[in-house]
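Here is the structure we will look at, set down as structure tokens.
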Amino acid sequence: MTDASPQPTPDLASKPETDLTKEQQTEFEAAAFRRLVSHLRERSDVQNIDMMNLAGFCRNCLSNWYRDAAEGAGVPLSKEVSREIVYGMPYDEWRNLHQKDASDAQKAAFETNKPKHG
């Protein structure tokens, strides 16, 4: 599910209408990421397949992107660790607690709208 080449982050600090330093941009992006992860942890009722069908990414994609960023910086990170960072618990535990079997309609929608990023 990972994109082979990570997309560059737009450099908002270089835009004249924003007076952000690179450090501020990084700080705000990190805060937004933490808030997204917190929101996804709170919304365990939202299934990954629904996220994939509607938005083209899910919690697993987010954890893969996190791992890609770490590895791009020379920090090896396992799939299990990156998923635990996003899910807030081991992935198998989250699946056992929250994941439901996908319906035929969800599976069909996924096949029709299969994301192209991975």
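Observations, loosely collected:
- Among the conditions (1) within 27 Å of residue 26 (Cβ to Cβ); (2) within 15 Å of the chain's Cα centre (by Cα); (3) surrounded by fewer than 14 Cβ atoms within 10 Å (Cβ to Cβ), residue 87 misses just one, which is (3).
- Pairs with Cβ under 7 Å, 6+ apart, first in the range 61-72 and in contact (Cβ under 8 Å) with a residue 24 or more places away in the chain, second assigned to a helix (DSSP H, G or I) and surrounded by fewer than 16 Cβ atoms within 10 Å (Cβ to Cβ): 63/85; 67/79
- Residue list for the range 79-114, restricted to those being assigned to a helix (DSSP H, G or I), modelled with pLDDT under 95 and not acidic (Asp, Glu): 105, 106, 107, 108, 109, 110, 112
The values are calculated or read from the model by the stated rules, or taken from the named source; none is laboratory data. From a predicted model like this one, the values you see are computed outputs, not experimental measurements. Cβ atoms come from the backbone with ideal geometry, glycine included; neighbour counts cover every protein chain shown.
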